[in-house]
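Reading through the structure tokens given below for one structure.
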Amino acid sequence: MVSEHGIKLAVHLITKHFGTVVSKVCETLIRKGALTLEQLIRFTELQKEQVRNSLLVLIQHNCAQPFILENQDGIKTHTTQYLALFDNILHRPRFPKFMEIVKHQLDDELCVVVLEGLLRNGRLSLKQIADNASEGKENPVTVRESLCKLLAVRYVERCPAPEPVVYPVVEETTINKRGAKFAKIFQPPLTIEQRVLEASVPGEAIRFSLAADTTGFNADRETNSDDIPMTTSVEENVFKEELIPWRANFEEFMRILRHKAMIENVRTRLDDAAATVLSAILEATRTAEKKVKVQNSVPLSLETIFTEVVKTETGRTMTIDRVKATLVQLGCPSRVSDDSYTIDLKNIIELARNEEVESIVLKRYGTDAYRMFRLLSKANRFLETDQIAESTLVEKKEAPKLLYRLWKDNYLHMEKLQVMAAKQSRFILWKVDKPLLWEYVLDEMYHAALNLNLRMDFELEKDDEVLFRVSKDKREGSKTLKTKHNRLQNVYYLLGSSLMNLDDALMLFHDF
């Protein structure tokens, strides 16, 4: 469930990029969930053509996904429903980060141009990509090669099915049996958004393939040699390739950013050697990850890890014993069964979240509150007020005041305990409820990001003429205009930098 400030932030981004009509349709989808065209017309009170065009814009820019829901009787409803993709909307301000990743890894200017065209226009065919690249001046063959490079590293993917069929959830009926042998870990049911995305994604064999001939892939996304036609003309294949729609693969970019955040956290918390080993492991197993939020890395043997480590410049100075010691330092002792190592990635993210919240507490409430909050966060259980004060060396008169402030601002959970004995005693217990706290901090970040966006828009709108329209010569000739321009430019860069840093923290709590 998206918080109120998260909805307002997404609506603001859509309004800024596509206008109020499209944002009204988008907000209705976010608040009410999947809706049909008729329901959207009724809820938004817009004309049918306006709603239809707004949906086409949202789909073109990967902010909405149409689908068909099959009922419990196995019959398709034949009514298309539309679902807003909240995560994809939040990715829009991250486009510069995505392009920087491609620029750093591929070092190919044309690849950056191709990706920029896809990010700006949403979905493009190969022909449209070639026409868009440098306004048609680039050779189509060169553009095709750049697209192949992006497909090879999975930064671009084939667009999902236009209207995938989503089947009803089948509830399993199991007989309760005793013993750990029959114990089953509870898995929360997939949300409608997760089911729609899962149904719409093409199979791995064609998702990152430029080949147009996909008739050899059946409904189970497997190759069937009997379905492949015997002869297909080259011209026909080239024509089909030019019509296949492509889009940026946000999932892969978020995986890269998640890896980067974990590596930097380990570098700061431990040392460069640990960051080097973790980076080598993540790079070697990146393609094996099925989703962004994997809890553990893919198991690798010590020899394989060492081979990957020495490929890096900083890893060539490390011995195999040093790598083994670093793995233990990362908290991944060797498995007894197959002598392989796996890293608890979920724990690294949790530690990074704890550090982020602790830094917020330190800035807002001071050193004493920080020490008490850190104690409770590490203890992960209820502690009594006097016990907290004694452990953190905070005065007993000040400790309750600071704890109450943290509780009032939703950073702590409080319980009152009365003990009935010869003398009645009353204790106040405190604890950090991390899941609830992280949701609250995420909502605060949505609010802060919205305020920064609004302030940036206000500054740009207030003095747009001075910042962009007044020529450089005119500014140089007027001391007042030059001073005003420099101040606005500094404000713009400061707000932009603050927004990018805040987005890094927001990804830590929402996407990672």
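The values are calculated or read from the model by the stated rules, or taken from the named source; none is laboratory data. The model shown is predicted, which means the values in this text are computed figures rather than measured ones. Backbone-built Cβ (ideal geometry, glycine too); neighbour counts: all protein chains shown. These accessible areas exclude ligands, DNA and RNA; they are computed on the full protein's heavy atoms, side chains included. Shrake-Rupley method; radii C 1.70, N 1.55, O 1.52, S 1.80 Å.
When the residues MET1, MET500, MET445 are ordered by accessible surface, computed with a 1.4 Å probe over the protein chains alone, the sequence from largest down reads MET1, MET500, MET445. Between THR79 and MET414, residue separation times 0.36 nm minus the direct Cα-Cα distance comes to 115.7 nm.
Across region 46-108, C-alpha contacts under 8 Å between residues 6 or more apart give a mean separation that, scaled by the residue count, equals a relative contact order of 23 percent.
Divide the volume of the convex hull around the Cα atoms of region 47-164 by the residue count and you get 143 Å³ per residue.
Remark: for residue pairs LYS127/LYS311; LYS363/LYS397; LYS127/LYS293; LYS97/LYS290, the C-alpha separation exceeds 31 Å in LYS127/LYS311; LYS127/LYS293.
Could you work out what % of the accessible surface of region 1-85 is carbon and sulfur, using a 1.4 angstrom probe and leaving DNA, RNA and ligands out of the count?
That share works out to 51 percent.
Once the Cβ-Cβ distance of ALA379 and GLN295 is raised to the sixth power relative to R0 = 25 Å, the FRET efficiency obtained is 0.60.
Maximal additional length on extending the VAL491-THR317 stretch stands at 58.2 nm, based on 0.36 nm per residue less the C-alpha distance.
For region 313-374, state the average projected area of the convex hull of the C-alpha atoms over all orientations, rounded to one decimal in nm².
6.7 nm²
Label-to-label distance, THR36 versus GLU303, with points set 7 angstrom from Cα along the beta-carbon direction: 6.2 nm. Computed with a 1.4 Å probe over protein heavy atoms only, the accessible area of TYR440 comes to about 60 Å². If R0 is 51 Å, the Cβ-Cβ spacing of VAL310 and ARG52 corresponds to a FRET efficiency of close to 0.35. Extension gain for GLU390 to SER359 (0.36 nm times residue separation, less C-alpha to C-alpha distance): 8.9 nm. Close amide H contacts of VAL156 (hydrogens built in the peptide plane, cut-off under 5 Å, sequence separation of 5 or more or a different chain): LEU151, ASN249.
Carbon and sulfur: what percent of region 96-161's accessible surface (1.4 Å probe)? It is 48 percent, rounded to a whole number. The heavy atoms of ASP409 present about 50 square angstrom of accessible area, all protein chains included, probe 1.4 Å. The residues of region 89-157 expose, per residue, 46 Å² of accessible area to a 1.4 Å probe. Placing pseudo-labels 7 Å out from each Cα toward the beta carbon at THR142 and LEU270 gives an inter-label distance of 4.4 nm.
Can you classify region 35-113 as rounded, prolate or oblate using the Cα gyration tensor, where a ≥ b ≥ c are the square roots of its eigenvalues, rounded means a/c under 1.5, and otherwise it's prolate if a/b beats b/c and oblate if not?
Prolate is the answer for region 35-113, as a/c is 1.5 or above and a/b outweighs b/c.
Applying 1/(1 + (r/R0)^6) with R0 = 25 Å to the Cβ-Cβ distance of HIS17 and ASP131 gives a FRET efficiency near 0.65. The alpha-carbon atoms of region 354-406 define a convex hull whose volume equals 67 cubic angstrom per residue.
Diagonalising the gyration tensor over the Cα atoms of region 359-465 and scaling each eigenvalue by 5 before taking the square root yields semi-axes of 38, 14, 11 Å, largest first.
Only Cα pairs under 8 Å and at least 6 apart count here; give the relative contact order of region 318-427 as a rounded whole percent. Let's see the in-between values first.
Details: 62 pairs, mean separation 13.8, N = 110.
Answer for region 318-427 is 13 percent.
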